[in-house]
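Asker: Please see the structure below; I have some questions.
What follows draws every value from the coordinates through simple rules; no lab data is involved. Keep in mind that what you see is a predicted model, and the values were worked out from it rather than measured. Virtual Cβ from ideal backbone geometry, glycine too; neighbours counted across all protein chains shown.
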Amino acid sequence: MSIFENIKSAFKNVFSNKMRTFLTTLGIIIGIAAVIAITSVGNGSQAQITEQFDSLGVGRITVSLRSNSPRNMVSADALTYQDYEKLREIDGIKSISPVYSGNNASVKLLNPKETNNASITGVTPDYENIMSPTMLYGRYINDSDVEAKSKVAVINDTTAEKVFGYCNQSIIGEKISIKTWQGSFKYTVIGISENSDAKTESLYENEYPEKMIVPISSAFRLFNRKTISNIVLVAEDADNSESLCSAITNKLSEIHKNSDKYTAESAAEQMDAMNEVTGTVTMLISGVAAISLIVGGIGVMNIMLVTVTERTREIGIRKSIGAKNKDIMLQFVVEAVILTGIGGILGVLFGWIFGILAGNLMGVSSVVSINSIIMAVMISTAIGIVFGVYPARKAALLDPIEALRYE
Amino acid sequence: MSKVMIQIENLKKYYSQGSIQVKALDGVSLRVQEGEFVSIMGSSGSGKSTMMNVLGCLDKPTDGIFFLDGIDVAKLKDTGLAEIRNKKIGFVFQTFNLLPKLSAIENVELPMAYSGVPIKERHKRASEALKRVGLSERMKHKPNELSGGQRQRVAIARALVNEPSILLADEPTGNLDSKSTFEIIDIFQKLNDEGATIVMVTHEPDVAQYTKRIVTFKDGKAISDEIVKNRIIAEEEMK
Ligand SMILES: Nc1ncnc2c1ncn2[C@@H]1O[C@H](COP(=O)(O)OP(=O)(O)OP(=O)(O)O)[C@@H](O)[C@H]1O
Ligand SMILES: [Mg+2]
């Protein structure tokens, strides 16, 4: 009896009791579906994270005070513009910019349209090289803006839409009124960039503050501060970022006469940390899936044992006309594999659908890779073999005459 | 001298049930030559089925010598016995023992599936076998769509299809009415005329009269062995 014939008759048997087949394979279905859903969403978000970090430039390094609380921001340890000027002298830096984040609730945009809170970031022109935004209209902040403490701002297209109700060239030169505890200031829009986070933000429509980028010197004036939030830079050689990071933190400790207060993290490290988190989550759910698969396998074994008992007479008849032990063995292993294989295929389908649904909810695209399908098929086949062998062996070793006498 | 198909000597089969030992076969010796048609008779519990099962390589004797078509069966392991059952023996049971989910022709094809006959040839040989037992019209029917006599004919076709050295039948007409019994006996006689060696267990002395030789069992022993003098031919009776 060829393997093909075995498969054919196994299908016949398995489909003759659809409900039982479905219930038996439920554990496998859930296990495989979980694996597929998780890997598809995982692959999708991994791709997205990588893409995001790529767009930021992998060599990007962020220097900040280790504990960035408001109290620390005014302490002697706080980063200053002078720190930035000193760090600029270190070799191996391609671009460097101080950043002042006025992420403060009391900053409001008033005119021309009253909108919600603003997030104002003060930077130097190098920031453009570091973040490489796509400019839609106008220009970025330049050196003379910083020098003159000009009241100019670069906004993004989302902000333009919300503040002006439209987004085109004519906004360049228009004024926006910013209100802080210092009073109201009129800033001229000099450029509009593309919002790179538009996709994520659109989900939370009104919760994001409007983003504006202003010269660092103007930000100091707006908020009456001299300290900065952090310093971002890009290394000339991304492979060197580790040594550059330690050079920076050492220099800062030297300036401030303290130790271990500053961190310099490259985007690559952050990405690693992020991947580690998604990796842990994936591992956890894979663990659950593995348990479900084992339970599913035991379910298959259980039903195969029932099948063997139910079909004892059939086994006796087959043996009486010349079936060898290995023929019976193969017949039942194939049947178990068909069972788990069906579970695997249904699992892939359900997992695929769940992946898409979950991806939509989480705002990531789910990617079902060929590899994960192959893996699912291999796992479910392996489960069929592992858990099918024992019942099949039991069937194969039945004594022909005992089996024929079985009522 | 024609070929010896079955040679058993001092064959024993003991069952132990708790403390008591049941001697189902208690030293049976028998020789069956090629072309014989032997009927085995005896009261219930005399060991007829036990011997048929041993002859059919379905059961292993406790002791004794057993040669089948020159092969020392006692020496064979599971796989060797399966091959003998497949190629050398055609077994017909009282309860037919067909697979209920398979059609008549699929049932007949099954022994060939286990002996590795190509699918196309299986089909051809199975339909020929069914034709021989007069069931060409019912090949696609499932066992539960056939009468008892028809089912037994399917079982005979299945037993024949691998051209075995010997046909063993344990009360093949036990579950059949007299008309079907005649038909089955007629088939056996014709097969025997064509050269098949047949050993058949029967309860009915009338049925035994259609065979060529009667062996009688009692308490696990063969107590008599005689040639049938005026053998009846089923085909003539049916006219
Ligand atoms: N598996 C078994 N375990 C124990 N004893 C058994 C077993 N099979 C048969 N026997 C005993 O062996 C003896 C012979 O049984 P067997 O079935 O061969 O009789 P039989 O001649 O075929 O009877 P019948 O005409 O009723 O079919 C009986 O006493 C029976 O109880
Ligand atoms: Mg009997």
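Asker: In debye, nearest 20, what is the charge dipole magnitude of chain A about its Cα centre with +1 on Lys and Arg Cβ and -1 on Asp and Glu Cβ, if you could check?
Answerer: Value, rounded to 20: 1320 debye.
Asker: Which residues' amide hydrogens lie under 5 Å from the amide hydrogen of B:Val201, considering only partners 5 or more residues apart or on another chain, with H built in the peptide plane?
Answerer: HN-HN under 5 Å from B:Val201: B:Ile40, B:Ala169, B:Asp170, B:Glu171.
Asker: Quick check: pseudo-label points 7 Å beyond the Cα along Cα→Cβ at B:Arg31 and B:Thr95, how many nm apart are they?
Answerer: Taking the two extended label points, one gets 3.7 nm.
Asker: List the pair-distance distribution P(r) of the protein assembly as shown, using every Cα-Cα distance, as the percent of pairs falling in each 10 Å bin from 0 up to the bin containing the longest distance, rounded to whole percents.
Answerer: 3, 12, 16, 13, 9, 7, 7, 6, 7, 8, 7, 4, 1, 0
Asker: Under a straight-distance cross-link criterion of Cα-Cα below 12 Å, which aspartates and glutamates are reachable from A:Lys324, leaving out those fewer than 8 residues away in the same chain?
Answerer: Partners within reach: A:Asp399, B:Asp78, B:Glu83.
Asker: What are the ³J(HN,Hα) couplings of the range A:87-97, residue after residue, when phi is run through the Karplus curve with 6.51, -1.76, 1.60 and θ = phi - 60°? Round to Hz, x for glycine and proline.
Answerer: Per-residue couplings from phi come out as 4, 4, 7, 5, 6, x, 9, 8, 9, 8, 8 Hz.
Asker: Run the numbers for A:Ser196 and A:Leu23: contour at 0.36 nm per residue of separation, minus the present Cα-Cα distance, in nm.
Answerer: 57.6 nm
Asker: Which ordering of B:Thr197, A:Thr280, A:Thr25 is given by a fewest-first count of other beta-carbon atoms within 10 Å?
Answerer: Ordered from fewest to most neighbouring Cβ atoms within 10 Å, B:Thr197, A:Thr280, A:Thr25 come out as A:Thr280, B:Thr197, A:Thr25.
Asker: I would also like to ask the following. How about A:Lys251: which lysines have a C-alpha closer than 29 Å to its C-alpha, ignoring those fewer than 8 places off in the same chain?
Answerer: Straight-distance partners of A:Lys251: A:Lys86, A:Lys94, A:Lys149, A:Lys226, A:Lys261.
Asker: Let me check against my output: what whole-number percent is the relative contact order of the range B:100-223, with C-alpha pairs under 8 Å and at least 6 apart?
Answerer: 23 percent
Asker: Helix A:370-396 sits at what angle to the longest principal axis of chain A, using alpha carbons and giving 0 to 90 degrees rounded to 10?
Answerer: 30 degrees
Asker: Let me confirm one metric for peptide A:1-13, namely the mean number of other chain beta-carbon atoms within 10 Å of its residues' beta-carbons.
Answerer: 2
Asker: Hey, got the average number of other protein chain Cβ atoms within 10 angstrom for residues in A:322-332?
Answerer: Across A:322-332, the average partner-chain Cβ count within 10 Å equals 4.
Asker: For B:Lys48, give me every one of the lysines with a C-alpha distance below 20 angstrom, ignoring sequence neighbours fewer than eight places off in its own chain.
Answerer: B:Lys12, B:Lys13, B:Lys23, B:Lys60, B:Lys212, B:Lys218, B:Lys221
Asker: Further, regarding this structure: Give me the inter-chain shielding for B:153-166: mean count of other chain Cβ atoms within 10 Å, whole number please.
Answerer: 1
Asker: Take the Cα radius of gyration of chain B and divide it by 2.2 N^0.38 Å, with N its residue count; two decimals is plenty.
Answerer: Here the answer is 0.99, to two decimals.
Asker: What's the local net charge at B:Met41, with K and R +1, D and E -1, over the other residues with C-beta under 15 Å away?
Answerer: -2
Asker: Something else: If you build a Gaussian network model of chain A, linking Cα atoms that sit under 10 Å apart, which residue out of A:Thr24, A:Thr282, A:Thr307 swings the most?
Answerer: Largest GNM mean-square fluctuation: A:Thr307.
Asker: Which longest uninterrupted range of chain A lacks any trypsin sites (Lys or Arg not before Pro) assigned by DSSP to a loop state (not H, G, I, E or B) and surrounded by at most 12 other Cβ atoms within 10 Å?
Answerer: Formally, the longest exposed-site-free interval is A:258-407.
Asker: I've got another one for you. For labels at A:Val281 and A:Ile294 in the simple 7 Å Cα→Cβ model, what's the distance in nm?
Answerer: 2.5 nm
Asker: For chain B, with a Gaussian network of springs between Cα atoms less than 10 Å apart, report the residue from B:Pro205, B:Pro61, B:Pro172 with the top mean-square fluctuation.
Answerer: B:Pro205
Asker: Then there's this: How many percent of DSSP beta bridges within chain B run antiparallel, rounded to 5?
Answerer: 55 percent
Asker: While we're on this one: Explain nothing, just the number: relative contact order of chain B, from Cα pairs under 8 Å at least 6 residues apart, as a whole percent.
Answerer: About 27 percent, as a whole number.
Asker: Hey, rough spin-label estimate for B:Glu235 and A:Thr134, points 7 angstrom out along Cα→Cβ, what's it come to in nanometres?
Answerer: Label-label distance for B:Glu235 and A:Thr134, simple model: 9.4 nm.
Asker: Once you have the Cα-Cα distance between A:Glu85 and A:Asp239, take 0.36 nm times their residue separation minus that, and quote the gain in nm to one decimal.
Answerer: Residue separation times 0.36 nm, minus the Cα-Cα distance, leaves 53.1 nm.
Asker: Quick one: which residues, 5+ away or cross-chain, put their amide H under 5 Å from the amide H of A:Gly138? H built at 1.01 Å from N.
Answerer: Answer set, sorted by chain and number: A:Ile192.
Asker: What residues of the range B:115-153 lie in the reach of a label at B:Asn175, counting those whose backbone N is under 14 Å from a point 7 Å from the Cα along Cα→Cβ?
Answerer: B:143-153
Asker: Using Cβ counts within 10 Å as a stand-in for footprinting exposure, how do A:Asp260, A:Asp83 rank, fewest first?
Answerer: With the fewest neighbours first, A:Asp260, A:Asp83 line up as A:Asp260, A:Asp83.
Asker: Counting DSSP beta bridges in the protein assembly as shown, what percent are antiparallel, to the nearest 5?
Answerer: 65 percent
Asker: Could I ask something else about it? Using alpha carbons only, how many angstrom separate the centre of the range A:124-197 from the centre of the range B:221-239?
Answerer: If we compute the Cα centre of each part, the gap is 115 Å.
Asker: Could you work out the relative contact order of the range B:8-49? I mean the mean sequence separation of Cα pairs under 8 Å and 6+ apart, divided by the number of residues, in percent.
Answerer: With pairs under 8 Å counted, the relative contact order is 34 percent.
Asker: Moving on to the next point. I want to verify a result. In a Gaussian network model of chain B, Cα cutoff 10 Å, which of these has the top mean-square fluctuation: B:Gly45, B:Gly35, B:Gly174?
Answerer: Of B:Gly45, B:Gly35, B:Gly174, the most mobile in the Gaussian network model is B:Gly45.
Asker: A further question follows. What do you get for the angle between helix B:178-193 and the principal long axis of chain B? Use alpha-carbon atoms, 0 to 90 degrees, nearest ten.
Answerer: 80 degrees
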